[in-house]
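Structure, as structure tokens:
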Amino acid sequence: MSKKISLADWQQQLTGATAESTKPAKQADLVYSTATGRIDASSPAVSAAEGFADGALRIRRETKGRGGKTVLTILGLTGSPSELSQLCTELKKKCACGGSVKDGIIEIQGDKRELVTTLLQQKGFKVKQAGG
């Protein structure tokens, strides 16, 4: 049975402020977090890189929270981070624009939905356009 501690005690252990232990506490020892509330150790962590039930990728155009700039997000990709970054690099080269991979989601700068859809379909992906 693991020992449960408060968030303040856990943070003290991480910074090394306590005299009894200089090792940080395990994540399972965390009982409450201000970001997510009560921590339930029995529930598995949800990863952002999960595919959709129909197996299709979602290409979504977003502008909110980006200073009015348009960004395409490609959701539903599964694979290792190196595979995602390799696919992102290829899409950026073909689209002649910037982009990145964040939490299993590929972001491509600009509104190039038709081109990205065509490129992904040529690679054998099933693609759906979502959002505006």
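The values are calculated or read from the model by the stated rules, or taken from the named source; none is laboratory data. Remember, predicted model here, so these are calculated numbers, not experimental data. Every residue, glycine as well, gets a Cβ built from its backbone with ideal geometry; the counts of neighbours run over all protein chains shown.
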(message) For the range 104-130, give me each residue that is under 13 Å from residue 57 (Cα atoms) and in a loop (DSSP other than H, G, I, E, B).
(response) 104, 123, 124, 125, 126
(message) With the requirement that a residue be polar (S, T, N, Q), part of a helix (DSSP H, G or I) and at pLDDT 90 or above, what does the range 47-90 give you?
(response) 85, 86, 89
(message) So residue 101 ticks every box in (1) touching a helix residue (DSSP H, G or I) at 6+ places or on another chain (Cβ under 6 Å); (2) part of a helix (DSSP H, G or I); (3) free of Cβ contacts under 8 Å to residues at least 24 places away in the same chain but one. Which box is left unticked?
(response) (2)
